[in-house]
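The values are calculated or read from the model by the stated rules, or taken from the named source; none is laboratory data. Since the model is a prediction, treat every value here as computed from it, not as a measurement. Cβ: placed from backbone, ideal geometry, glycine included. Neighbour counts: every protein chain shown. Each accessible area value is taken on the protein alone, full model and side chains, heavy atoms only, with ligands, DNA and RNA left out. Shrake-Rupley method; radii C 1.70, N 1.55, O 1.52, S 1.80 Å.
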Amino acid sequence: MATVKEFSGFDAKKDAEILQKSMKGAGTDEKAIVDVLTRRTNAQRQKIVLDFKTMYGKDLIKELKSELSGRFEDIVLALLLKSSDYDAMCLHKAIEGLGTDEGALIEILCTRSNKQILDIKQAYKTLFRRDLEKDILGDTSGHFGRLLVSMTVGNRDENSNVDVARAQADAKALHAAGEKKWGTDESKFNSILAAQSIAQLQRVFDEYQKLSGHTIERAISSEMSGDLKQGMTTIVKVVRNSAAYFAEQLYTSMKGLGTNDRQLVRVIVTRCEVDMVQIKQEFQRNYGKTLESFIAVSSTASRAPCAEHCCCCGVWDACWGSLSIVAIIITKDN
């Protein structure tokens, strides 16, 4: 279930006017920007972007980028991008420059539907005039690179029917390719985990446990390492319980010293219209705290009056900055 839903009485032209006024004169009315963007769906925000350009002859994203900075700018721009464009930009950031953010590549490519993957590939080509698969191969290697390429195909079986006999055969094949073999046949794991439907994989994992006496997660952990292990494990986690996986992503983005802002914002923005209610439930169940309270503790956002929002979200008595916006999105039922 979503925490950001269609705004009743939506008027894109009125919202465009509010945003225009928020940027006029000295300073920026950030509260007005928050009021509009955190209470509209992505589709509604796209209509605002279109009407803003029609009414004022200016690009809303460029205008806001010139007015804002830091983490607040990051999350505002993330909210205004089309979902496929945002994922494509996150992938590009994960690849460009020195070093690769393998975690971001895994989180996006191993969790999206076939249609989402195809839309992301097209967006990537449109935005950067580059081929996503080629860029991934240029930045990764070996079995991990092949796994990501498999994910970029966007051809996972989406049939909800389960073939029990096939699941039993695949469980035996995985067992033979891993624990019963000197060395590991990673290609066999790839061919099954990257191609079969969620429902079919659930049964394969059940059959594997019956056969081996332990979980597929344990097998992957003992047979693989590094990024390949993380990628394969992510697929298993999403098959088991996608909400729990994203709750874990939120937790790891905030635990310890510092906050991985990119990961935190990415999960919030991409899941708030999908399953954020379930993610919050899993977060509290698994980590013993509400997601809102965890964000409040980990946030180092600067504070300024925002009483109306914070009364709604119950996180701070006065707050500001990108992480407070995130808290509003995930706690406020629109």
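The lysines whose alpha-carbon is closer than 26 Å to the alpha-carbon of Lys134, local same-chain residues fewer than 8 away aside, are Lys82, Lys93, Lys115, Lys121, Lys125, Lys188, Lys229. log₁₀ I(q)/I(0) of the chain at q = 0.08, 0.09 Å⁻¹, via Debye over equal Cα point scatterers, no solvent, to two decimals? Scattering profile of the chain, log10 relative to I(0): -0.42, -0.53.
Here is how the number arises for the chain: DSSP H runs of 4 or more residues each give -39500 (n - 2.57), the sum is divided by the residue count, and the result at 222 nm is -21000 deg cm²/dmol.
May I ask you to give the solvent-accessible area per residue for segment 231-291, in square angstrom, as obtained with a 1.4 angstrom probe?
Working: 2460 Å² over 61 residues.
Computed with neighbouring chains in place, this is 40 Å² per residue.
For segment 52-145, what class follows from the C-alpha gyration tensor (a ≥ b ≥ c being the square roots of its eigenvalues): rounded when a/c is under 1.5, otherwise prolate if a/b is larger than b/c, else oblate? Since a/c reaches 1.5 and a/b is larger than b/c, the shape of segment 52-145 is classed as prolate.
Coupling constants for segment 101-116 follow from the phi torsions by the Karplus curve (6.51 cos²θ - 1.76 cosθ + 1.60, θ = phi - 60°), and in residue order they are 8, 4, x, 5, 4, 5, 4, 6, 6, 8, 10, 8, 6, 4, 4, 4 Hz; glycine and proline get x.
Over segment 89-179, accessible surface divided per residue gives 52 Å², non-protein components excluded, 1.4 Å probe. When only Cα pairs below 8 angstrom with a gap of at least 6 residues are kept, segment 127-237 shows a relative contact order of 29 percent. As a calculated quantity, the FRET efficiency between His92 and Lys210 at R0 = 35 Å, using C-beta atoms, amounts to about 0.25.
Listed values for segment 83-96 are Karplus-derived 3J(HN,Hα) couplings in whole Hz (6.51 cos²θ - 1.76 cosθ + 1.60, θ = phi - 60°), namely 4, 5, 5, 5, 4, 4, 5, 5, 5, 5, 5, 5, 9, 5, and x replaces Gly and Pro.
Annotation: amide H of Lys5 within the under-5 Å range of Asn334, sequence separation 5 or more or interchain, hydrogens built in the peptide plane.
Under 1.5 on a/c is rounded, so check that first for segment 140-182, then, if it is not, pick prolate when a/b is larger than b/c and oblate when it is not; a ≥ b ≥ c are the square roots of the alpha carbon gyration tensor eigenvalues. Please report the intermediate quantities before stating the final value.
Details: a/c = 5.76, a/b = 1.12, b/c = 5.16.
Judged from the Cα gyration tensor, segment 140-182 comes out oblate (a/c at least 1.5, b/c at or above a/b).
Using C-alpha pairs below 8 Å separated by at least 6 residues, the relative contact order for segment 37-152 is 21 percent.
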